[in-house]
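First the structure, in the form of structure tokens, and then the observations on it.
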Amino acid sequence: MESEATHRHFMLNKPYGFVSQFVTSETKRVKRKKFLGELYDFPIGTMSVGRLDMDSEGLLFLTTDGKVCYHITGTQVEKEYYVQLDGMITDEALALIEQGLEISVQGKRYLTKPCKARRLEEAPILAERAKKIRDAKHGPTSWAAITINEGKYRQVRKMTAKVGFPTLRLVRVRIGNTLLGQLSPGEVVEVTSLV
């Protein structure tokens, strides 16, 4: 059995357009997708700790330690996201998100756990995204911070859409006590431990 000292851990600012994995079984579609291995020479056995979908950006942990992966993806570790929304988010919509909403997960109804949601009065300072969001002529946008302890597929996007404010941009800015900070898109930093 591999000792703790031999495991390696990484932090990455996942750029827009990358898939949070290294290989895929969909060989026909591989040519059109960008994978994490293009950003850094990760050791064999490295896995992403949770995922960010292709359209999402921000803090992603990677590790060779399955126990660490299981702990972080569990419900005891908070994940915070900054989301740019279509329209001006209301207090009522934020309250509904905080209480928990029924969304669809793998074709089944799922009630999200209570979480934290707050309006950001100013747009956060983030690296410019590779693909433009949209022009201001299409209407106003607003920003919110949403902190969850779970991580169902496209959960935050489904939650904001459910209350009438679709997500235009999603950036994970914190996992546990670790902040995205000044990591540039695509930048990888090896660390001694995660969370």
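The single condition among (1) of a type outside the set (A, V, I, L, M); (2) modelled with pLDDT under 95; (3) under 18 Å from the mean Cα position of the chain (by Cα) that N13 does not meet is (2).
No other residue among G100, G37, G107, G50 is free of Cβ contacts under 8 Å to residues at least 24 places away in the same chain and not assigned by TED's automatic domain parsing to the domain that holds I125 apart from G37. Of all residues in the stretch 96-134, those satisfying the criterion of being over 26 Å from L180 (Cα atoms) and hydrophobic (A, V, I, L, M, F, W, C) are L96, L101, I103, V105, L111.
Pairing residues of the stretch 170-192 that are assigned to a loop (DSSP other than H, G, I, E, B) with residues that are of a type in the set (V, I, T), at Cβ distances under 6 Å and at least 6 apart in sequence or on separate chains, gives G176/V77; G176/V195; L180/V173. Answer with yes or no whether R118 is under 21 Å from G50 (Cβ atoms), surrounded by 13 or more Cβ atoms within 10 Å (Cβ to Cβ) and charged (D, E, K, R). When the stated conditions are applied, R118 does not pass them. Taking the criterion of being part of a strand (DSSP E or B) and over 30 Å from D135 (Cβ atoms), the residues of the stretch 49-82 that qualify are V49, F61, L62, T63, K79.
Taken as a whole, the structure places V68 among residues that are aliphatic (A, V, I, L, M), surrounded by 14 or more Cβ atoms within 10 Å (Cβ to Cβ) and not assigned by TED's automatic domain parsing to the domain that holds S142. May I ask you to list the residues in the stretch 109-118 that are hydroxyl-bearing (S, T, Y) and not in a strand (DSSP E or B)? Answer for the stretch 109-118, where residues must be hydroxyl-bearing (S, T, Y) and not in a strand (DSSP E or B): just T112. Checked against the criterion of being under 16 Å from the mean Cα position of the chain (by Cα) and not assigned by TED's automatic domain parsing to the domain that holds L12, the candidates A123, A145, A136 yield just one match: A145.
Here is the figure for the stretch 83-108: residues that are assigned to a strand (DSSP E or B) and not small (G, A, S) total 8.
The values are calculated or read from the model by the stated rules, or taken from the named source; none is laboratory data. All values reported here derive from a predicted model rather than from experimental measurement. Here the Cβ is made from the backbone with ideal geometry for all residues, glycine too, and neighbour counts use every protein chain on show.
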